[in-house]
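Structure first, commentary second.
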Amino acid sequence: MATIAPFRGTRYDPDRAGNLSRVVTLPYDRITPELQDKYYAQNDYNICRVIKGQDEPGDSEASNVYTRAAAYWRQWLAHGVVAEDDLPAIYAYYQVFSVNQQQYTRRGMCAMVELEDYDKGGIKPHERTLDAPKQDRLKLLLHTDTHFGQVFQLYPDETNEVAELLAPHSQGQPDVDVEIDEEPGVRHQLWRVTDEQAIAAVREAMEGRLLFIADGHHRYETALNYRNLRLAEYTGGPDGHNPRYAMMTLVGMSDPGLVVLPTHRALHGLLNFNMGKLIAALYQHFNVTIGLRRDEMLMRLEEARQDPERHGFGLYGGGKFTYLELTDTDIMEQLAPDRTVEWRELDVAILHEVVLEKLLGIDKAAQAAKTNIDYDRSAQLAIDRVDSGSHQCVFFMNPTRMEQIRNVAGQGEVMPQKSTDFYPKLVTGAVACQVDLGDKK
């Protein structure tokens, strides 16, 4: 259950670091090699130098991306480029943005949250994780003893009570106000809330609430591993700064600014792939409408999104747009009898089980390894992949609904990879938290 604590955030000094929009980044797992180069060139103090360093010739156990990350961070602290705030705070974190010409404000708060093992049931994951990213993040955390990235958590709050408690303290000039090129038009604003009564009220309101990991499963499980390793050697410092806590941004599930976007599946490298054979196979389980215009396909997809009983998908390949709607209502129970009804009713589960695995032979290991799948937020990018010949077809998805995330995660089940895309992403670099290890045991 949620136990939160304020912390003394470590933040950039704009007088030394320069324009803060040039030092913060997307989360580490969104940073491509091209974007990494851009961030490095953008500012000498860009947080990318710490969270996702570049390999160099001759790297060794003594000199590598993690040792360089720690050296950068220590140097910046020593020179005052970044500095720890003087008072513990909860940081109100607002994101102002537009989707389809509608403006939203997502109201969250950045705080330290006490870590729990999943089997205690208070913190619910909804996606599987991979070992390699967790090993990478753990090495960085052990070298720096600092939390840089956010775990994005959701919590039930039908009246938005917690956000309202912080609202009076989220007025006027924010302490951080940045936009980044990669998500244009999104403003990230942080207010440092140090009022002890406000902090106490928020802590009391959050106590005992379930938390659902929206984004950052690898970061959360890395924090668990870090906690176990560090507490075996050290006693741990005060609440908020000891290894039992990790930095997270929390948003109420009823927040009107909570937006989930679809993630489309572009397929490539399938041996003996034939679009005609795929269409013929789809007729076994779907109502198939071929030869639509793009806008017609998207309109049908949107109509299906409005009705929880319908499961619709778009398909593009061979220069044609196709709309599919599930008609075989028994197939998911046959393919996934050990899963809950709620899981079997996920669009993403239907696509992965029926189409990707049963019809196309992409098994779960290949899906997890992304052997034949690229994931795209942009429908146009996915179409361009197919038109270029690099990909064979693309399946267009509707976003997973919030109640589905709550129901599936609440029952202890995890969704297929890339089932959710919460927009916008949380920036890295707006605030960090240095861990106090306490005394050596």
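Going by what's in this entry, would ALA246 be described as assigned to a strand (DSSP E or B), of a type outside the set (S, T, N, Q), within 18 Å of ASP387 (Cα to Cα) and within 23 Å of the chain's Cα centre (by Cα)? It is false that ALA246 is assigned to a strand (DSSP E or B), of a type outside the set (S, T, N, Q), within 18 Å of ASP387 (Cα to Cα) and within 23 Å of the chain's Cα centre (by Cα). The single residue among LYS418, LYS425 that is farther than 24 Å from MET109 by Cα, under 19 Å from the mean Cα position of the chain (by Cα) and part of a loop (DSSP other than H, G, I, E, B) turns out to be LYS418. Being of a type outside the set (A, V, I, L, M, F, W, C) and closer than 30 Å to THR400 by Cα is the requirement here; does GLN171 meet it? Here the answer is no, as GLN171 does not meet what is asked. Each residue in the stretch 274-299 was checked for being touching an Asp or Glu at 6+ places or on another chain (Cβ under 8 Å), open to solvent by 50 Å² or more (accessible area, probe 1.4 Å) and either part of a helix (DSSP H, G or I) or under 15 Å from LEU359 (Cβ atoms) (or both), and 1 of them qualify. Restricting to the stretch 145-156, name every residue that is touching a helix residue (DSSP H, G or I) at 6+ places or on another chain (Cβ under 6 Å) and open to solvent by less than 20 Å² (accessible area, probe 1.4 Å). Hits for the stretch 145-156 are PHE148, VAL151. Annotation: TYR220 fulfils all but one of (1) assigned to a strand (DSSP E or B); (2) among the aromatic types (Phe, Trp, Tyr); (3) within 26 Å of GLY438 (Cβ to Cβ); the unmet one is (1).
Residues checked against (1) in contact with a Gly (Cβ under 9 Å, 6 or more places away or on another chain); (2) aromatic (Phe, Trp, Tyr):
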{"residue": "LEU130", "(1), (2)": "no, no"}
{"residue": "LEU142", "(1), (2)": "no, no"}
{"residue": "GLN173", "(1), (2)": "no, no"}
{"residue": "THR194", "(1), (2)": "no, no"}
{"residue": "ALA205", "(1), (2)": "no, no"}
{"residue": "LEU211", "(1), (2)": "yes, no"}
{"residue": "HIS218", "(1), (2)": "no, no"}
{"residue": "ASN228", "(1), (2)": "no, no"}
{"residue": "TYR234", "(1), (2)": "yes, yes"}
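The set of residues in the stretch 282-325 that are of a type in the set (Phe, Trp, Tyr) and within 20 Å of VAL386 (Cβ to Cβ) comprises PHE286, PHE313, TYR316, PHE321, TYR323.
Among the residues of the stretch 302-318, just one is open to solvent by 10 Å² or more (accessible area, probe 1.4 Å), at pLDDT 95 or above and closer than 14 Å to ILE383 by Cβ, namely TYR316.
Taken over the stretch 106-133, the residue count meeting the criterion of being part of a loop (DSSP other than H, G, I, E, B), of a type outside the set (Lys, Arg) and open to solvent by 50 Å² or more (accessible area, probe 1.4 Å) is 2.
I'd like the full set of residues that are open to solvent by 40 Å² or more (accessible area, probe 1.4 Å) and over 15 Å from VAL348 (Cα atoms), limited to the stretch 371-386. Once the filter is applied, which keeps residues that are open to solvent by 40 Å² or more (accessible area, probe 1.4 Å) and over 15 Å from VAL348 (Cα atoms), the stretch 371-386 yields THR371, SER378, GLN380, LEU381, ASP384, ARG385. Among the residues of the stretch 148-167, some residue qualifies, meaning at least one is within 18 Å of TYR12 (Cα to Cα), not in a strand (DSSP E or B) and not small (Gly, Ala, Ser). Filtering the stretch 401-415 to residues that are under 15 Å from ARG128 (Cβ atoms), in contact with a strand residue (DSSP E or B) (Cβ under 8 Å, 6 or more places away or on another chain) and not in a helix (DSSP H, G or I) leaves GLY412, VAL414, MET415.
So is ARG209 open to solvent by 10 Å² or more (accessible area, probe 1.4 Å), assigned to a loop (DSSP other than H, G, I, E, B) and under 19 Å from VAL151 (Cβ atoms) or not? In short, yes. Among residues of the stretch 1-29 that are open to solvent by 40 Å² or more (accessible area, probe 1.4 Å), those with a beta-carbon under 9 Å from a residue that is among the aromatic types (Phe, Trp, Tyr) at least six positions away or on a different chain give the pairs ARG16/TYR45; ARG16/TRP76; ARG22/TYR39; ARG22/TYR45.
The values are calculated or read from the model by the stated rules, or taken from the named source; none is laboratory data. None of the values given here were measured: they were computed from a predicted structure. All Cβ positions, even for glycine, are placed from backbone atoms using ideal geometry, and neighbour counts span all protein chains on display. For accessibility, only protein heavy atoms count, side chains too; no ligands or nucleic acids. Shrake-Rupley method; radii C 1.70, N 1.55, O 1.52, S 1.80 Å.
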